[in-house]
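Student: Take this structure first; my questions come after.
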Amino acid sequence: MDSKTVLIGTIIVFITFCIIYEFLKERSKTKKEKANRDEQNDFFKKIGVQLLENSAVNKELLRYLKVSSQKYTEEITESQMRIVIESIFDNSQNEILNYVSKIMKENHIKGNEKEIVIKIKSFVSNRYHKDSLLLKEFKFRETTLYEQMKSEWKDYVNEIVIGCVIKEKGEKALQGALQNAFDSFKFDIIDRC
C-alpha cells in the first residue's frame, strides 16, 4: 500500500466518523426537543384540566346559590354576594383564558390579526353578556348585582387580551393580566355594593 491510499482511507474514515457524529448529535438534540415539547404539552393539559374543574365547581356553586337564595329570600346576604361575584368572574376569567390560549396555539398570529381580534372581541362580548344575565338573577340591598357592572370592563379585557395575543407575550403574561383585571372588577363591584 502506498501512502496516498492510506491517506485517502484515513480521510474517508475521518469524514465518515464526522458524519456519524453530527447525525448522532442532531438526533440527540431532536429527542431532547421532543421531550421538552411533550413535557410542556403535558403541563398545559394539566393546567387546562384544573381550569375546567374550577369552572365546573363555580357553575355548580352558582346554581346552588341561585336555588338557595330563591328558596329563602329575594335578596342574598353579603357573604353570598361575595361568593356569587367571585364565582362568576373566576368562571369568566378561566373561560377567556382557555379560549384565547387555544387561539394562540392553533393560529398563526402574524397575518391573521384582524380575524383573531374579531374572534376575541366576539367571545369577550358574549362572556360579558352571560355574566350580566347571571348577575341580574341576584339582588343585594334592593339592587341587582348587574347594575354594578361597567361596560368599560369589556373594552378593557379586549384591550389587554388582544395586546397579549398580538404581541405574542405568551400564556403566563395573559393569565397574569386577566387575573389582575378580574380581581380589580371583583373588588370594584364589592366596594360599590
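Student: Could you tell me how far the Cα centroid of region 176-193 sits from the Cα centroid of region 1-18, in Å?
Tutor: Centre-to-centre (Cα) distance: 73 Å.
Student: Next question, about the same structure. May I have the extent of the alpha carbons of region 59-192 along their three principal axes, as whole Å values ordered from largest to smallest?
Tutor: 54, 25, 22
Student: Still on this structure: In 5 Å bins starting at 0, how do the alpha-carbon pair distances of region 77-137 split up by percent?
Tutor: 3, 17, 22, 20, 13, 10, 7, 4, 2, 1
Student: Continuing with the same structure: When Lys and Arg each count +1 and Asp and Glu each count -1, what net charge do the other residues less than 13 Å away from residue 154, Cβ to Cβ, add up to?
Tutor: 0
Student: Taking springs between alpha-carbon atoms closer than 10 angstrom, which of 56, 181, 35 fluctuates most in the Gaussian network model of the chain?
Tutor: 35
Student: Here's another thing I want to ask about it. Can you list the DSSP H helices in the chain whose Cα atoms extend at least 30 Å along the helix axis and whose mean Kyte-Doolittle hydropathy is -1.0 or higher?
Tutor: 3-72, 78-106, 113-136, 171-192
Student: Here is a further query. Along the Cα-to-Cβ line of residue 60, 7 Å from the Cα, sits a label point; which residues in region 81-99 have backbone N less than 17 Å from it?
Tutor: 84, 87-88, 91
Student: Let me ask something additional. Looking only at GluC sites (Glu not before Pro) in DSSP loops with at most 11 other Cβ atoms within 10 Å, what is the longest site-free stretch of the chain?
Tutor: Excluding the exposed sites themselves, the longest stretch runs over 1-73.
Student: Taking +1 at the Cβ of each Lys and Arg and -1 at the Cβ of each Asp and Glu, which of 126, 177, 101 sits farthest along the dipole of region 59-192 towards its positive end, judged by Cα position relative to the Cα centre?
Tutor: Projecting each Cα onto the dipole axis, the largest value belongs to 101.
Student: Using the structure shown, select from 29/105; 45/172; 105/167 the pairs with a Cα to Cα distance greater than 21 angstrom.
Tutor: Going by Cα-Cα distance, 29/105 fall outside the 21 Å limit.
Student: Taking the chain as a Gaussian network, Cα atoms linked when under 10 Å apart, which of 17, 123, 89 shows the biggest mean-square fluctuation?
Tutor: Sorting by GNM fluctuation, first place goes to 17.
Values quoted throughout were computed directly from the atomic coordinates according to the rules given, and no laboratory measurement underlies them. All values derive from a computational prediction rather than experimental measurement. No Cβ is skipped: glycine too gets one built from the backbone with ideal geometry, and neighbour counts run over all protein chains shown.
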